[in-house]
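Okay, structure first, notes after.
The values are calculated or read from the model by the stated rules, or taken from the named source; none is laboratory data. Keep in mind that this is a model prediction, so the values were computed, not measured. Ideal geometry is used to build each Cβ from the backbone, glycine not excepted, and the neighbour counts take in all protein chains shown. Ligands, DNA and RNA are stripped out before the accessible areas are found, and what is left, the full protein with its side chains, is counted by its heavy atoms. Shrake-Rupley method; radii C 1.70, N 1.55, O 1.52, S 1.80 Å.
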Amino acid sequence: LNYADAIIGLPALSIEAPTKTQPGTQGRRERNKRDKLNRIVGAARALFHTQGYEQTTTQQIAKAAGIASGTLFLYVKSKEDLLVHLYNSEKQALVASEKRDVIAAQSLIDQVIHVFRTFMDYHAEDIDIARALIRELTFLTNPERRAEVDETYRVIQGKLNEVLTGGVERGELKKRADLRLLGIAAFSFYYQQLQLWLSGVI
């Protein structure tokens, strides 16, 4: 799976107050914003991968996206901000691409492992980017990006709840099981293991 392909069609960030326009003008403006954001995200992903996250500058990203450096900051506040936005976009698209019927025949444990292995494979595509991402997520201050991270977490928990519900239906879990708590525990264990793996402990 080429995860960079999953970013197409992301909603643009709202950067202008609504104004009176002729019919169709607002639609073209939004399409232009969306196109620029997609170009920025695509350029960032390519540069992060080819020359490294630390070595990439916002000026290089803007140039690769075919926009002015000042325009870049209308969409993201910094390179770090862009990295987190990229992660949220791709991770949500990755979860959405998971087909329930593909893994439904597996046991509950195998299904949970499959979900988290998919996430690990995503991060394994570029370890340096993954390490930079974990650092940024740990000290995230931008409220807009925090809201995106929270939404990504809700999407992941929704997928886990879907898998766990199947476990209840098949009798692998008791009906009184707290699926929300189980989902939180499963993700917490995965995230801890991800941090240990990226730090070289395991």
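Restricting to lysines 8 or more places apart or on different chains, can you count the pairs in the range 72-202 with Cα atoms under 28 Å from each other?
So the count works out to 9.
Counting only protein heavy atoms, what percent of the accessible surface of the range 85-163 is carbon or sulfur at a 1.4 Å probe?
Details: 2110 of 3770 Å².
Ligands and nucleic acids excluded, carbon and sulfur reach 56 percent.
Estimate the FRET efficiency between Arg180 and Glu151 by the formula 1/(1 + (r/R0)^6), using the beta-carbon distance for r and 22 Å for R0, to the nearest 0.05.
Values: r = 17 Å, r/R0 = 0.76.
Once the sixth-power term is evaluated, E becomes 0.85.
By its C-alpha gyration tensor, with a ≥ b ≥ c as the square roots of the eigenvalues, how is the range 45-92 shaped: rounded for a/c under 1.5, else prolate for a/b larger than b/c, else oblate?
Oblate, because a/c is 1.5 or more while a/b does not exceed b/c.
Full extension from Gln195 to Thr138: what is 0.36 nm times the residue separation minus their Cα-Cα distance, to one decimal in nm?
Length gained, Gln195 through Thr138: 19.4 nm.
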